[in-house]
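Peer 1: Could you have a look at this structure, given as structure tokens, before my questions?
The values are calculated or read from the model by the stated rules, or taken from the named source; none is laboratory data. Keep in mind that what you see is a predicted model, and the values were worked out from it rather than measured. Virtual Cβ from ideal backbone geometry, glycine too; neighbours counted across all protein chains shown.
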Amino acid sequence: MEGHVDYEFDHIHIMCTDLPTTEQWFIEGVGAELVNRFESLGTPVTKLRVAGVEILMRPARPDENLEIAAIPRYGEEHFGLRVKDLDAAVKVFKQRGIGFDLEPQDFGSGLRIAFMRGPDNLRIELLERKSSTT
């Protein structure tokens, strides 16, 4: 492969049907930090920070149709948040009213995961690594 490109991770972008509810879910449920709110082409955008990563979220603009019937959704399937104690994290999130699609399970090599469900069916994986696996 020729050439070299320097880059760094910038953000995750989430499209949502209800921006205030999604923002509140991340702030109160996951403990996200509100960075700022602004407009992009007349549409409100919220920027949050979760575990050092910026998350941008906004609803569809009037000219965007994000619902395509009978076609599987490709692209972002989930994102993962690493925790030190999966069972303790799940307990805290459940106390905050967050639902789980997959309860904590062992996946071998010291990896345990669980999936919580956010607004608009957003899937967030919680993972705990007990060994040197990466």
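Peer 1: Of the residues that sit in the range 40-81 and are among the small types (Gly, Ala, Ser) and over 16 Å from the mean Cα position of the chain (by Cα), which one is modelled with the lowest pLDDT?
Peer 2: Out of the qualifying residues, it is Ala70.
Table: residues versus (1) surrounded by fewer than 16 Cβ atoms within 10 Å (Cβ to Cβ); (2) touching a residue at least 24 places away in the same chain (Cβ under 8 Å); (3) assigned to a helix (DSSP H, G or I).
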site: Ile12; (1), (2), (3): yes, yes, no
site: Thr22; (1), (2), (3): no, yes, yes
site: Ile27; (1), (2), (3): yes, no, yes
site: Phe38; (1), (2), (3): yes, no, no
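Peer 1: As an exercise: evaluate Thr134 against (1) at pLDDT below 90; (2) farther than 16 Å from Gln24 by Cα; (3) under 15 Å from the mean Cα position of the chain (by Cα) and give the number of the one condition it does not meet.
Peer 2: Of the numbered conditions (1) at pLDDT below 90; (2) farther than 16 Å from Gln24 by Cα; (3) under 15 Å from the mean Cα position of the chain (by Cα), the odd one out for Thr134 is (3).
Peer 1: So which of Asp87, Asp120 is in contact with a Ser or Thr (Cβ under 9 Å, 6 or more places away or on another chain) and either surrounded by 18 or more Cβ atoms within 10 Å (Cβ to Cβ) or not in a strand (DSSP E or B) (or both)?
Peer 2: Result: Asp120 is the single residue among Asp87, Asp120 that is in contact with a Ser or Thr (Cβ under 9 Å, 6 or more places away or on another chain) and either surrounded by 18 or more Cβ atoms within 10 Å (Cβ to Cβ) or not in a strand (DSSP E or B) (or both).
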